[in-house]
Amino acid sequence: MDIDFPLVLVVLTFVSGLIWLADILFWRKRRLAASPADAAHGEEAPKEPYLVDLSRSFFPVLAIVLVLRSFLVEPFQIPSGSMLPTLEVGDFILVNKYAYGLRLPVVGTKVLDIGDPARGDVMVFRYPKDGETNYIKRVIGLPGDTVRYRNKQLFINDQQIESEFVVRLPPVEVRREDLGAVEHDIFLTMGRPGTAGEGEWQIPEGHYFMMGDNRDNSNDSRYWGTVPDKLIVGKAFGIWMHWESITSLPSFKRVGGIE
């Protein structure tokens with residue numbers, strides 16, 4: 001079972017802060033009243049209980065981590081090849097948590113509207129089917145758009161999205177796709193029929209159509225629908241490390257921005 005780290009962090013921060021506050025307001029006064037320190041006789045003030053000392057030490061650290069992770073930047077690791085060649089399995093990425101508005105941790109409720117996803121953004125969101133699992137794909141369709149995918153060709157609002165041949169690296173062909181503000185590479189599997197994931201979709205207000213750059217090997221909006229705004233986590237903007245498995249060494253050769 002996956003651990004809900006944001007929930008654990010919120011609970012630990014709240015509990016440690018509550019214990020520390022209770023000690024400041026009530027328990028410390030009672031300890032001092034029960035065992036008053038008398039410097040003249042060399043007596044020491046009573047020691048803090050272990051739990052209070054632990055809470056006082058950890059609360060500031062937990063609070064800082066919670067704020068940074070919830071409202072500024074959160075790290076993620078890429079678990080699959082659905083975003084190849086842009087992102088590889090084992091890439092450790094950074095996600096901007098405020099690009100699309102400030103949201104409360106755990107519940108994800110937006111409390112401050114800052115911006116909206118743009119076409120071509122690489123975005124982290126929670127899988128609409130369970131509302132919990134983190135997914136990462138590219139924003140293809142915006143609210144109000146009509147997206148069509150036929151024979152491995154993408155159309156947005158009846159306009160064909162141009163893609164330029166780059167190279168063949170069997171079993172894939174690399175093409176450079178132009179989404180207007182963003183150009184990026186995609187993988188198309190050679191020899192695979194172009195009927196997989198075909199269809200036409202009208203994007204509702206407040207929803208986004210997501211696709212992986214590894215077009216023939218991506219579980220995305222073509223199969224399970226659009227992503228509502230409430231499930232958005234943030235915008236992926238950089239790779240800071242690559243570490244595929246514990247049997248390999250970390251690498252920093254892929255450090256850089258994300259197209």
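What follows draws every value from the coordinates through simple rules; no lab data is involved. In this text, all values refer to a predicted model and were calculated from it rather than measured experimentally. Please note: Cβ atoms are built from the backbone with ideal geometry, for glycine as well, and neighbour counts cover all protein chains shown.
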### Message
Just to confirm my numbers, what's the Cα centroid distance between the range 165-227 and the range 67-118 in Å?
### Response
21 Å
### Task
Could you count how many Lys pairs in the range 78-257 have their Cα atoms under 14 Å apart, skipping same-chain pairs fewer than 8 positions apart?
6
### Equivalent ellipsoid semi-axes, the chain, via Cα gyration tensor eigenvalues times 5, rooted, Å
50, 20, 14
### Message
Strictly greater than 18 Å: what percent of every Cα pair in the range 67-158 meets that?
### Response
55 percent
### Query
Going highest first, how would you order 56-68, 208-220 by mean Cβ packing within 10 Å?
208-220, 56-68
### Query
In degrees between 0 and 90, to the nearest 10, how far off the longest principal axis of the chain does helix 5-22 point, with axes built from Cα atoms?
20 degrees
#### Entry: Low-density loop positions, trypsin sites (Lys or Arg not before Pro), the range 217-259 - DSSP coil, at most 16 other Cβ in 10 Å
253, 254
## Note on the structure
For residue 26, the net charge from surrounding residues (Cβ-Cβ under 15 Å; K, R +1; D, E -1) works out to +3
### Query
How far, in degrees from 0 to 90, does helix 50-67 lean away from the longest principal axis of the Cα atoms of the chain, to the nearest 10?
30 degrees
### Task
Under 13 Å Cα to Cα from residue 29, which aspartates and glutamates show up? Leave out anything in the same chain fewer than 8 places away.
48
### Environment charge at residue 205 (Cβ cut-off 12 Å; Lys +1, Arg +1, Asp -1, Glu -1)
-3
### Query
To the nearest 500 deg cm²/dmol, what mean residue ellipticity at 222 nm is calculated for the chain from DSSP H runs of n ≥ 4 alone, each contributing -39,500 (n - 2.57), summed and divided by the residues?
-5500 deg cm²/dmol
## Note on the structure
Computed over the chain, the relative contact order (Cα-Cα under 8 Å, seq sep at least six) in percent reads 19 percent
